[in-house]
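The values are calculated or read from the model by the stated rules, or taken from the named source; none is laboratory data. Predicted, not measured: the structure shown is a model, and the values here were computed from it. Here the Cβ positions follow ideal geometry from the backbone for every residue, glycine too, while neighbour counts run over all protein chains shown. With ligands, DNA and RNA removed, areas are computed over all heavy atoms of the protein, side chains included. Shrake-Rupley method; radii C 1.70, N 1.55, O 1.52, S 1.80 Å.
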Amino acid sequence: MRVRIPSVPFFSKRNLEKRLRLAPSPTGLFHIGTARTALFNWLYAKKIGGKFLIRIEDTDFLRSKSEYTKNILEGLKWLGLIWDEEPIKQSDRISIHKSHIKKLLECGAAYRCFTTEDEISELREEQKKKGLPPKHDNRHRSLSKEEIETFISQGRTSVIRFKIDEKIEIKWVDQIRGEIKWQGKDLGGDLVLSRRAKGFEIGDPLYNLAVVVDDNFMNITHVVRGEDHISNTAKQILIYKALNFSLPTFSHTPLILNSEGKKLSKRDCVTSIDEFREMGYLPEALSNYMAFLGWSPKSADREILSLEEISEIFDLSEINKAGAKFSWEKLNWINSQYIKNMESIKLSKIMKKYWDDNGWEPPSKEWAYKLAILIRDSITLLKDSIDQSKPFFLIPTIQKEGQDFLENRDSKLSLKLILNYLIEQNTIKLNKEKAKEIINKISKKHNIKKGVLMKSLRVAFFGSLSGPDLIQSWELFAESKTDRARIERCL
Ligand code: GLU
């Protein structure tokens, strides 16, 4: 009996490994939309035990910049979205892309098109007049050898076009949107695979060709990207088939919308991950928020979840089809929750950067930890820690409401009594218990309401009637040896 040997190796890598990728174009700073796509890819890769890869699509030489690549990779790292293999640069693979275009030319799936820019503009004008969408008329699909040579001898340049059958229907099951159908006649005519080139040369390959060749090369099994790529997917499926590559699954995520329901853009002020970082968002809070931007999990019982926790319950099928509205309120709330729950050492380290910027030096590490804990409930953005910690480093001026309060006879008396007590008991180390005791004693002995004593102190410490917990603050002022000076200046 003869044994049939399968033509495809049985244990191909594809059978074993799930591979997802982010394929950013480095033509601008790392954008929140790209970051959210990265996050969904990363989460799903972790969920299914696969790999998360990066391909830098830098073949738009005019707009691509290495500083943007650096910015994207740094932003991913900052968000905690670490990739599993060395990133691939698309520009390193141009000759491979060209060899695939050659293959498509040779098998008749693609051809040289010599239509000039002027001819294309004329065609567009005509279509416009008739109210038709722009579409190439595939006029050079069946040029003879002689016609091609004539065009070349006239010095015309050519692009390579991929034939798209007008009658074909392209169908796939999108992991987010279910079955998607696209008609060949709606793809704008035969697809340009490469830029213009002279003679029989092949020009620089374009996105739809390069992406298919590279996704196949990288053994990508799941393509997860924004819904603005749906029509590209239809085109790419045809290229996959023509090159005899096996198809990955496709998922198209909803766009991020502004409060008016329009695509989030630069006009909405903040769009780059750098800006979010500078504004004082924590990476874990931003990732947590972005995960819920378009994803409504059935199994999440909380909104504050780490990336690892989210990856366990994450599912592409639970991503919404409709656009996801960006909400500053929600993002701020999540950020404040992370700050509230952050442990003192980590938080004070983060705050130290702001203190250093202002030339403020805490008297001790413990003091810095205590200050971080004391003010963290009133912080939404990390940079709020400047305003919140300022009165602990600099003695604030007394505001109108503070001055008005000090006009009250008992309040100055209160401060005098407290100051005298502190001077008398010079050696005491003031802690919370001692502070409470002082207030109680003076209140009883001099028959002054505790509230008046405390409000007077608050004015002395903060210059107004608001601020964080008074007793805990006093402990810090005592340690930084500024409590007496704060009181004295009111008298
Ligand atoms: N370079 C494309 C972009 O940034 C990638 C699209 C894709 O994921 O295939 O939009």
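Of all residue pairs spaced 6 or more apart or on separate chains, those with beta-carbon atoms under 8 Å, a first member in segment 206-220 that is more than 16 Å from residue 103 (Cβ to Cβ) and a second member that is assigned to a helix (DSSP H, G or I) and more than 9 Å from the ligand (Cβ to nearest atom) are 219/13; 219/14.
Among the residues of segment 359-381, the ones that are open to solvent by 60 Å² or more (accessible area, probe 1.4 Å) and either more than 22 Å from residue 478 (Cβ to Cβ) or of a type in the set (A, V, I, L, M) (or both) come to 2 in all. Yes or no: segment 315-336 includes at least one residue that is modelled with pLDDT of 95 or more, under 26 Å from residue 371 (Cα atoms) and among the β-branched types (Val, Ile, Thr). Checked segment 315-336: at least one residue is modelled with pLDDT of 95 or more, under 26 Å from residue 371 (Cα atoms) and among the β-branched types (Val, Ile, Thr). Of all the numbered requirements in (1) at pLDDT 95 or above; (2) assigned to a helix (DSSP H, G or I); (3) closer than 28 Å to residue 378 by Cβ, residue 278 misses one, and that requirement is (1). For segment 185-220, the set of residues classified as under 24 Å from the mean Cα position of the chain (by Cα) and more than 14 Å from the ligand (Cβ to nearest atom) is empty.
Could you go through segment 46-56 and let me know if any residue there is within 14 Å of the ligand (Cβ to nearest atom), in contact (Cβ under 8 Å) with a residue 12 or more places away in the chain, touching a His at 6+ places or on another chain (Cβ under 9 Å) and open to solvent by less than 20 Å² (accessible area, probe 1.4 Å). Scanning segment 46-56 turns up no residue that is within 14 Å of the ligand (Cβ to nearest atom), in contact (Cβ under 8 Å) with a residue 12 or more places away in the chain, touching a His at 6+ places or on another chain (Cβ under 9 Å) and open to solvent by less than 20 Å² (accessible area, probe 1.4 Å). Restricting the first member to segment 82-95 and to residues that are free of Cβ contacts under 8 Å to residues at least 40 places away in the same chain, and the second to residues that are assigned to a loop (DSSP other than H, G, I, E, B) and of a type outside the set (Asp, Glu), the beta-carbon pairs closer than 9 Å and six or more apart or on different chains are 84/50; 85/218; 91/59; 91/61; 91/64.
If I filter segment 239-273 down to residues being at pLDDT 95 or above, away from the ligand (no atom under 15 Å from the Cβ) and in a helix (DSSP H, G or I), which single residue comes out as most open to solvent (accessible area, probe 1.4 Å)? It comes out as 241. With respect to residue 94, determine if the residue is among the β-branched types (Val, Ile, Thr) and out of contact with any Phe, Trp or Tyr (no Cβ under 8 Å at 6 or more places or on another chain). Against the criterion (among the β-branched types (Val, Ile, Thr) and out of contact with any Phe, Trp or Tyr (no Cβ under 8 Å at 6 or more places or on another chain)), residue 94 qualifies. Note on segment 1-26: residues that are modelled with pLDDT of 95 or more and either of a type in the set (Val, Ile, Thr) or within 14 Å of the ligand (Cβ to nearest atom) (or both) total 8. Within segment 145-160, the presence of a residue that is open to solvent by less than 10 Å² (accessible area, probe 1.4 Å) and closer than 21 Å to residue 19 by Cα is excluded.
Scanning segment 124-142 for residues that are of a type outside the set (S, T, N, Q) and over 24 Å from residue 109 (Cα atoms) yields 124, 125, 126, 128, 129, 130, 131, 132, 133.
Within segment 222-233, the residues that satisfy the criterion of being in a helix (DSSP H, G or I), over 19 Å from residue 100 (Cα atoms) and either aromatic (Phe, Trp, Tyr) or more than 7 Å from the ligand (Cβ to nearest atom) (or both) are 227, 228, 230, 231.
Flag not set for residue 76, criterion: away from the ligand (no atom under 14 Å from the Cβ) and crowded, with 16+ Cβ neighbours inside 10 Å.
Restricting attention to segment 177-208, the residues that are open to solvent by 10 Å² or more (accessible area, probe 1.4 Å) and part of a loop (DSSP other than H, G, I, E, B) add up to 10.
With respect to the conditions (1) assigned to a loop (DSSP other than H, G, I, E, B); (2) under 15 Å from residue 237 (Cα atoms); (3) open to solvent by 20 Å² or more (accessible area, probe 1.4 Å), residue 171 lacks only one, and its number is (1). Across segment 78-127, the number of residues qualifying as touching a strand residue (DSSP E or B) at 6+ places or on another chain (Cβ under 6 Å) and assigned to a loop (DSSP other than H, G, I, E, B) comes to 5. Residues of segment 325-352 being within 30 Å of residue 223 (Cβ to Cβ) and open to solvent by 10 Å² or more (accessible area, probe 1.4 Å), which ones? Within segment 325-352, 325, 326, 327, 330 qualify.
Quick one: what pairs do we get from segment 114-143, first residue aliphatic (A, V, I, L, M), second part of a loop (DSSP other than H, G, I, E, B), C-beta under 7 Å, 6+ apart or different chains? Every condition considered, the pairs that remain are 123/137. Residue pairs whose Cβ atoms lie under 8 Å apart, sitting 6 or more positions apart in sequence or on different chains, and linking a residue in segment 286-307 that is of a type in the set (Asp, Glu) to a partner that is open to solvent by 50 Å² or more (accessible area, probe 1.4 Å), do not occur here. For segment 472-488, residues that are more than 43 Å from the chain's Cα centre (by Cα) and under 16 Å from residue 397 (Cβ atoms) total 4.
With respect to residue 147, is the statement that it is part of a helix (DSSP H, G or I) and under 22 Å from residue 200 (Cα atoms) true? Yes: the conditions hold for residue 147.
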